[in-house]
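J.: Attaching a single structure in structure tokens format; questions to follow.
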Amino acid sequence: MSVAAPDKLGDSLITVEHLTMRFGGLVAIDDVSFQGANREITAIIGPNGAGKTTLFNCLTGFYKPTVGRLTLHHPRKGDFLLERMEGYQIPQRAGVARTFQNIRLFPAMSVLENLIVAQHNALMRASGYSVAGLLGLRGYRQAERQAVELARFWMDRTGLTDRADIDAGNLPYGDQRRLEIARAMCTNPVLLCLDEPAAGLNPRESSDLNALLRYIRDEHSIGILLIEHDMSVVMEISDHIIVLDYGRRIAAGTPEEIRNNPDVIRAYLGENEDEPLPPEVVRDMEEER
Amino acid sequence: MTERSATTSPVLPPLDAVGIVREAGLTAFVVFALTFSLVGFKVEDVPGGLDIVTRFDQVLAATVLAFTGRVVLILLHKRRHLPVILVGLAIAAVILGLVVAARGAPESATAAWLPFESVVVNVLVAVAALVLAGRAAWSAWRRDVGVSDEAVELAARVHKAAIFLGPLMLGFAVVLPFLPFADRRLLDIAILVVTYVMLGWGLNIVVGLAGLLDLGYVAFYAVGAYSYALLAINFDLGFWVCLPFAGIMAAFAGILLGFPVLRLRGDYLAIVTLGFGEMIRVILLNWYEFTKGPDGISGIPRPTLFGLPFTRTDPDGGETFHSFFGLTYSPLDRIIFLYYLILILALVTNFFTMRIRRLPIGRAWEALREDEVACRSIGINPRNTKLTAFSIGAMFGGFGGSFFATRQGFISPESFTFIESAIILAIVVLGGMGSQIGVVFAAILLIGLPEFFRELQQYRMLAFGAAMVAIMVWRPRGLLAFRDPTIRLSDHDTAPEKQT
Amino acid sequence: MPANVTRGGSPVNCKGFVMEYFLQQLINGLTLGMIYGLIAIGYTMVYGIIGMINFAHGEIFMIGAFVSLITFLLLGALGITWIPLAVLVVLIATMLFTSVYGWTLERVAYRPLRDSPRLAALITAIGMSIFLQNYVQLLQGARIKPLPPVISGGFRFMKESDFVVTLSYLQVFIILLTITLMLVFTYVINRTSFGRAQRACQQDLGMAALIGINVDRTISLTFVTGASLASVAGLMFLMNYGVIDFYIGFLAGIKAFTAAVLGGIGSLPGAMLGGLLIGLIEAFWSAYFTVEYKDVAAFAILVLVLIFRPTGLLGKPDIEKV
């Protein structure tokens, strides 16, 4: 199988080649290859257990892939081989940020603090690895002010400014989801990996999220990888979709192509096509058409 | 609170007498089973072997008291205040009366009626009965406030007060040596308390901020103490020269120990650090050529004020502290100097912690405590971040250790047992993790109070252990667990932004 | 703890007889290891079910030793001197009375904290450990308590050389009793309803509660089981070394915990295996290296295991869920 060529124009940002991840006897990802482009939203969909989150964990260094190459083409710094890097270096050097399926904030720290911590590496340098900071030097105070401004920018964007000084753990669910995205953006990434950002959101919040993701893609010129189950989100905002099933890539293409792909329909609805579809599935499919 | 009027005349459900007796009976049975073996029989050393004596009267007393106590607690829970008050007062009156009557005549018939052999235990039972009665009276008066609500309310109030309490306590600490009641004994206790406050603050960086459970903190205390002692004796260096060395040595030990183990999860880390603490002690004990083993190191130089010793006369014929300042010699001078020395060390620790909390590294520590996975996802290097916390905490432990060495003038591995680590950790956790003022309260409570009751020496550690359990069960997050954000948006709302 | 002066063992420093000396240490180490293994089971069961280190478990072992001592003295005073009967009575008494301590420990100190931060439970456990040590010290005195040997004599073999290898009757008793207990215990865990409930709770406490398992009762029974096994270890310790004091729980507890980690915490066979290994290592370390550093050996092993194989020998690998 050859490396998948980008199906759509746009600078390639992430290239995944022959990625395989095994846990003992279980093959969670089986020889998956794809590319994600800059300024595009690439959605990764598939039934539960298809290996989507495992793919993210490989990309962001939480797992070491069994086989495969993950190359990030950083627009300014050149290429990074992600599978060779320590987990924390991937956001720090290669500029890959992520969110988690079950939100992982710093619950006892305030919203603002969550966003300041995300700028840790820049601030560490500015604080002279704490020495200048301990002495209260001017340079550090300047850097901290800039960090607050960046945080404030993203709080404004995500509608969290009013809650800046509240503990993140006390935020409502939807706010926590957005805060996690804001925190990821505060690391100044070139690739943003979002793991089910719309899970548990109500329709209004969901459409706000769509707007936010489009804004990030268009105005900040970065690539987004998106795992999502909510088809209304996926179909509406993604430029490119990869479908996984049982760890394999079964389809790739534009939303239109995916919608009509028989393999995808079979993967989602099962082999037995004589059985009548549940009414809510029929409704969903019609709505999307 | 708004329902106060509605609950002024609550209709109490009827009591289930059989159920109460059954529950109290169960408690009494458990207490009987607990006490029968270890209280009921005592192994006595007699010439040529062991003998056994019985104390069934005390088993009986404990069982009866457990039964009564359980009934009283159930009644209190069911808001039957009057019987609780009466029974509590009655028990307290009888026991205290007997204690007073039996004073000076331990073999008398009156003494035989006392439930327990030990006066302390008797008094404790009486006090417990009084506390229960008082609690019942208090709830009867307040009516609507449940027992647990009171605790939360009280803590919230103390927590608010903590903001101005800090400077107040600092002021008191500064003038303490000059207060009329400050004698040698009080100052010794104060030095001890402040030492533990300092160690607590040092460990708070590791446990409270970075969330690393360190049960071997005493190892760094020991490294600091031995570094100072050995440097001072072998190279004839003064306290102030050695102090930074001792800190660096301890920090270095922290890095050395921390490097392999810091990736372990909470409880495992605790046990491994405990292991390291014990290893260092065993090494100190057995490396005789270097540490003099169990004999310890004596003749450690006392600290001087810029070279002025606090002795009556200087052995080298130079100036001493009192002659230089034209004061009359007082042996208390040295104690006061030591007190200020440790106070300054403690304040430096506090200042450092407060400051570093607001720096990126401090925030990264707290973030690491909250969620290590999330930290990695935003590019924080967990290992280095943990190592800095561990080694900085160790450094303050080392400072504390060299103070300990100079104060005692003698150190041996005996002083650096696991129990010391447990005490320091208990101070941090009981005070409320990450809370600086909580450490002060906990140190006063756990170190200061028992010191005043030296007569009860044998009960000290028993009470210490019980207090650790009781406070944790009562408030699992510590006495004063609260956290201020290290940065607020309002502090940074700059003018240009407001214009837009 | 005087490891190489156990009653059963012959005196050391007979290094001319390599094979015999080795064999003797093997016997001593296995005996010691069985004691550690019995304590380790308590750690591993509690950790498996509520995910906390029951720091006070070593103290339960110590209480077991004291209850055994008291019962022995009592039987002596009552004139019951037929050894098998006396040992049986002591065994039952110590299991019974010590398990009450195990039950109370969980009920008073751990149950209220089950949903609290793990740190709180650990502090409570340390507090309980300090409390129980001082409780026993106050009630029974701080001095070391010696007990004259109850079971003496033994099998001697390799008599042709000057160094006689001895397998004492006491060691045979310890080994047989441990094996019996392990068989009973394995049956209980695998075949009884308590065992099923215990295993279910170990998998998922919340789910077990949902399908109608009485979680509180299962946890209580876990503590009772762990305490009664530890109390037997206490009895063995008392008979093996002949001296106890209120402080024996600390080191024995740490070593047994090390054994549990070495075997793979949560794994019951692992606890026994770990115990045996720790016992052997300690015996051989004392015999061939230095007695002074034998306690360091246990800690060093703990550290090495945790660094290089955190799941222990028989533990299940633990994949980080993100």
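Taken together, the values in this text are just the output of simple stated rules run on the coordinates, not laboratory data. Nothing here was measured: the structure is a model prediction, and the numbers come from that model. When we count neighbours, we look across all protein chains shown, and the Cβ atoms used for this are built from the backbone with ideal geometry, even at glycine.
J.: For chain B, give the magnitude of the charge dipole about the Cα centre (Cβ charges: +1 Lys/Arg, -1 Asp/Glu; no others), in debye to the nearest 20.
T.: 1260 debye
J.: Per residue of B:355-365, count partner chain C-beta atoms within 10 Å of its C-beta, then hand back the mean as an integer.
T.: Counting Cβ atoms of other protein chains within 10 Å of each residue's Cβ and averaging gives 6.
J.: Same structure again: If you line up the Cα atoms of the protein assembly as shown on their principal axes, what length do they span on each, largest first, in Å?
T.: Here the spans come out as 98, 83, 83 Å, largest first.
J.: What number, in percent, do you get for the relative contact order of chain A if the mean sequence gap of Cα pairs under 8 Å and at least 6 apart is divided by its residue count?
T.: Reported relative contact order: 25 percent.
J.: Now a separate question. Once both labels are modelled 7 Å past Cα along the beta-carbon direction, what's the B:Phe56-A:Lys64 spacing in nm?
T.: 6.8 nm
J.: Right, next: For chain A, what proportion of DSSP beta bridges, expressed in % and rounded to the nearest 5, is antiparallel?
T.: Beta bridges within chain A, antiparallel portion: roughly 60 percent.
J.: Provide, for q = 0.07, 0.09, 0.13 Å⁻¹, the log10 of I(q)/I(0) from a solvent-free Debye sum over equal Cα point scatterers in chain B.
T.: Computed log10 I(q)/I(0) values: -0.52, -0.84, -1.30.
J.: Output needed: percent of Cα pairs per 5 Å distance bin for chain A, bins running from 0 to the one holding the longest distance.
T.: Pairs per bin, as whole percents: 1, 5, 11, 15, 17, 16, 13, 9, 6, 3, 1, 1, 0, 0, 0.
J.: Which of the listed residues, B:Ala182, B:Gly326, B:Val282, is farthest toward the dipole's positive end in the range B:157-474, when Lys, Arg count +1 and Asp, Glu count -1 at the beta-carbon?
T.: Sorting the options by dipole projection puts first B:Ala182.
J.: Rank-order C:294-305, B:57-68 by packing density, defined as the average count of other C-beta atoms within 10 Å over each peptide's residues, highest first.
T.: C:294-305, B:57-68
J.: Quote to one decimal, in nm, the extra length available between B:Phe29 and B:Asp16 on full extension: 0.36 nm per residue of separation minus the C-alpha distance between them.
T.: Computed gain between B:Phe29 and B:Asp16 is 2.7 nm.
J.: What percent does the relative contact order of chain C come to when contacts are Cα pairs within less than 8 Å and at least six residues apart?
T.: 36 percent
J.: Averaged over B:261-272, how many beta carbons belonging to a partner chain fall within 10 Å of each residue's beta carbon?
T.: 5
J.: Mind checking the angle between helix C:215-241 and chain C's longest principal axis? C-alpha axes, 0 to 90 degrees, to the nearest 10.
T.: 10 degrees
J.: Helix B:360-370 versus the longest principal axis of chain B: what angle, 0 to 90°, nearest 10, using Cα atoms?
T.: 30 degrees
J.: Find me the longest stretch of chain A that has none of the exposed GluC sites (Glu not before Pro), where exposed means in a DSSP loop (not H, G, I, E or B) with at most 16 other Cβ atoms within 10 Å.
T.: It runs A:87-270.
J.: For the range B:87-99, what does the Karplus curve 6.51 cos²θ - 1.76 cosθ + 1.60, with θ = phi - 60°, yield as ³J(HN,Hα) per residue in whole Hz, taken in order and with x for Gly and Pro?
T.: 5, x, 5, 4, 4, 4, 5, 4, 5, 4, x, 5, 4
J.: Using a 10 Å cut-off on Cβ to Cβ distances, tally the other chain neighbours for every residue of B:39-50 and report the average as a whole number.
T.: 5
J.: For chain C, compute Rg over Rh where Rg is the Cα radius of gyration and Rh is the Kirkwood radius from the inverse mean 1/r over Cα pairs.
T.: My calculation puts Rg/Rh at 0.98.
J.: Exceeding 26 Å between C-alpha atoms, which entries from my cross-link table qualify? They are A:Lys64/C:Lys316; C:Lys145/C:Lys294; A:Lys64/B:Lys386; B:Lys292/B:Lys386; B:Lys386/C:Lys294; B:Lys292/C:Lys145.
T.: B:Lys292/B:Lys386; B:Lys386/C:Lys294; B:Lys292/C:Lys145
J.: Could you tell me the ratio Rg/Rh of the range A:67-211? Both radii from Cα atoms, Rh via Kirkwood.
T.: Radius of gyration relative to Kirkwood radius: 1.00.
J.: Report for the protein assembly as shown the percent antiparallel among DSSP-assigned beta bridges with both residues inside it, nearest 5.
T.: Roughly 70 percent of the beta bridges in the protein assembly as shown run antiparallel, per DSSP.
J.: Under the 0.36 nm per residue contour assumption, what length would be gained going from the current alpha-carbon distance of A:His18 and A:Asp208 to full extension?
T.: This chain segment gains 64.9 nm when fully extended.
J.: Could you tell me how far the Cα centroid of the range A:127-205 sits from the Cα centroid of the range A:211-246, in Å?
T.: Their Cα centres are 21 Å away from one another.
J.: Please name which of B:Ala24, B:Leu237, B:Val43 has its Cα lying farthest along the dipole of chain B towards the positive end, using unit charges on Cβ (Lys, Arg +1; Asp, Glu -1) and the Cα centre as origin.
T.: Of the candidates, B:Ala24 comes out farthest on the positive side.
J.: Next question, about the same structure. Which one of A:Phe34, A:Phe153, A:Phe23 has the biggest mean-square fluctuation once chain A is modelled by GNM with Cα springs under 10 Å?
T.: Fluctuation is largest for A:Phe23.
J.: If you don't mind, there's one more thing I want to ask. Normalise the Debye intensity by I(0) for the range A:164-226, one equal point scatterer per Cα, no solvent, then take log10 at q = 0.22 Å⁻¹ and round to two decimals.
T.: -0.96
J.: Same structure, new question: With +1 assigned to the C-beta of every Lys and Arg and -1 to the C-beta of every Asp and Glu, and no other charges, what is the dipole magnitude of the protein assembly as shown about the Cα centre in debye, to the nearest 20?
T.: 1820 debye
J.: Send over the semi-axes of the range A:50-91's equivalent ellipsoid, whole angstrom and largest first, taken as the square roots of 5 times the C-alpha gyration tensor eigenvalues.
T.: Its equivalent ellipsoid spans semi-axes of 18, 10, 10 Å.
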